[in-house]
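Okay, so here's the structure we're looking at.
The values are calculated or read from the model by the stated rules, or taken from the named source; none is laboratory data. Predicted model, so just to flag it, every value in this text is computed and none were measured. Cβ: placed from backbone, ideal geometry, glycine included. Neighbour counts: every protein chain shown. Just the protein is used for accessible areas: all its heavy atoms, side chains included, with ligands, DNA and RNA removed. Shrake-Rupley method; radii C 1.70, N 1.55, O 1.52, S 1.80 Å.
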Amino acid sequence: MNPPVNAFAHHPGTVPAARIAALREEIATFNTEYCAVLDRGDLETWPLFFTEDALYRISSRENTDLNMPVGLVYCEGRAMMHDRAVAISRTQMFAPRYMMHILGTTRVESEAADGIVAQTPFLLIQTLVEGPSTLHLAACYHDRFVRVDGRLLLAARTVIHDTEILANDLVHPA
Amino acid sequence: MNPPVNAFAHHPGTVPAARIAALREEIATFNTEYCAVLDRGDLETWPLFFTEDALYRISSRENTDLNMPVGLVYCEGRAMMHDRAVAISRTQMFAPRYMMHILGTTRVESEAADGIVAQTPFLLIQTLVEGPSTLHLAACYHDRFVRVDGRLLLAARTVIHDTEILANDLVHPA
Amino acid sequence: MNPPVNAFAHHPGTVPAARIAALREEIATFNTEYCAVLDRGDLETWPLFFTEDALYRISSRENTDLNMPVGLVYCEGRAMMHDRAVAISRTQMFAPRYMMHILGTTRVESEAADGIVAQTPFLLIQTLVEGPSTLHLAACYHDRFVRVDGRLLLAARTVIHDTEILANDLVHPA
């Protein structure tokens with residue numbers, strides 16, 4: 001595979017080590033709350049992790065590498081996320097199942113006036129009731145965080161997934 | 001799925017950010033030792049991670065969500081854990097296999113006089129000799145830690161598993 | 001399984017808690033860069049994470065437990081790693097696929113004049129294009145880090161894998 005030439009390409013880290021440690025901890029705290037909310041199915045709380053005009057996308061690594069970050073989910077602004085969350089909650093047509101995020105280690109890339117850029121790989125494990133657990137999604141959060149009233153919020157989160165996913169799964173935020 | 005209404009329901013975190021970071025590190029250190037001991041099969045050391053009268057349980061997420069935290073493993077006190085560990089060690093009837101815990105990120109929920117409440121999701125990976133590795137268990141530690149002589153010990157650990165597990169697997173601590 | 005009696009056996013940690021936390025963060029930063037480089041297929045950058053005369057090995061847990069740490073990959077020195085990386089890059093014969101490392105929590109074992117000893121379990125997830133993601137490797141980094149010009153480098157990394165791996169997969173560094 002050739003080196004990627006897109007907005008989500010690897011950029012060497014530019015943050016001093018001690019600052020990375022502090023930011024990684026802060027992001028870990030953010031992400032554990034984010035995942036706890038999604039894993040218990042509380043979709044209507046999910047938009048509160050974003051700024052009012054944040055961008056939320058889900059896109060495949062293949063498209064991203066081709067610099068065509070087009071995915072089946074594109075939300076611009078918290079209101080659009082909220083609409084989607086409500087729609088999903090009310091038209092749940094899935095078989096009962098449990099979801100669990102397993103977070104890998106966050107890579108802190110940069111910190112500047114417009115926010116903190118970081119990536120966190122994760123696995124999403126799905127368990128159908130009385131069934132085995134399976135690896136539903138291997139993906140990575142590509143994030144830009146901003147600080148609002150002292151706490152982190154997502155200004156942009158792009159979920160770049162390695163796993164091929166079918167359109168009907170995509171409606172669910174990850 | 002409706003919001004859970006049980007003792008293991010989600011509670012918003014109440015600990016200041018800097019304190020969360022310190023506690024998460026301390027819990028990470030605890031858990032890496034705990035998992036290293038279990039993953040090398042040293043079951044008789046396992047009870048030493050608990051207080052004398054600690055509670056250890058394994059329960060399914062389904063039962064827990066129904067507020068029926070009944071599982072196939074229930075140990076009250078280190079002596080009961082020790083008996084179980086010795087029994088398993090001496091009657092090993094499993095095919096040779098390797099176990100490996102992969103810990104997700106710890107969520108620190110609260111810190112009070114009666115201890116530190118935290119959750120850590122994890123995967124337990126099983127490898128039969130000369131076979132592939134499989135996802136044996138997707139689960140989460142629901143813990144209450146206390147500090148004894150300056151170091152953390154578990155006052156209560158409930159392993160809440162998403163994965164359906166068979167009775168004969170349950171004898172093994174996770 | 002009997003307790004292992006080899007160089008990679010479990011040794012109780014000897015580092016004070018606050019120092020463990022600082023080292024774990026530093027190692028996490030190192031490993032996120034290491035894995036980002038491998039996961040984007042940049043094999044030629046890979047040797048730069050090692051000292052000039054470092055040791056890199058891949059060995060099965062079974063062989064390691066038998067105190068026969070013989071594996072299919074053995075590189076002594078950065079030059080040998082570089083040769084291997086170039087050879088693999090130029091003779092890529094695999095089907096297109098994505099690799100993703102999911103790092104578990106680092107266990108910091110000791111810090112002494114000759115380096116920092118630590119272990120980090122990880123999963124390597126493979127995704128064939130337009131296919132599902134599968135658990136390719138469950139393994140653990142057994143590392144000795146040294147500090148060069150203020151930053152960490154690997155003086156020795158042994159990848160000890162639970163998963164049985166075929167010879168033709170082994171050529172790829174993990």
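Summary table
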read-out: Partner chain coverage, peptide C:8-21 - average Cβ within 10 angstrom; value: 3
read-out: In Å², nearest 10: area of A:L43 left accessible to a 1.4 Å probe; value: 10 Å²
read-out: Position A:L72, label points 7 Å along Cα→Cβ, spacing to each other copy in nm (shortest first, one decimal); value: 3.6, 3.6
read-out: Calculated [θ] (222 nm, deg cm²/dmol) that DSSP helices of n ≥ 4 give over chain B, each run adding -39,500 (n - 2.57); value: -7500 deg cm²/dmol
read-out: Only Lys, Arg (+1) and Asp, Glu (-1) charged, at Cβ; the protein assembly as shown dipole about Cα centre in debye; value: 160 debye
read-out: Among A:I165, B:M68, B:Y34 - extreme Cα towards positive end, dipole of the protein assembly as shown, charges at beta-carbon; value: B:Y34
read-out: C:H142 accessible area, assembled protein chains, probe 1.4 Å, Å²; value: 40 Å²
read-out: Share of pairwise Cα separations in the protein assembly as shown, more than 45 Å, in percent; value: 9 percent
read-out: Rounded to the nearest 20 debye, dipole of the stretch C:38-174 from Cβ charges on Lys, Arg, Asp, Glu; value: 180 debye
read-out: Label 7 Å beyond Cα on the Cβ vector: C:S89 copy-to-copy distances, nm; value: 5.1, 5.1
read-out: Over chain A, relative contact order from alpha-carbon pairs under 8 Å, at least 6 apart, %; value: 24 percent
read-out: Crossing angle, helix A:78-90 versus chain A [Cα axis fit, 0-90 degrees, rounded to tens]; value: 20 degrees
read-out: Cβ-based charge dipole, the protein assembly as shown, positive-most Cα from B:T91, A:L43, B:V15; value: B:V15
read-out: C-alpha long axis of helix B:17-39 to longest principal axis of chain B, angle in °; value: 10 degrees
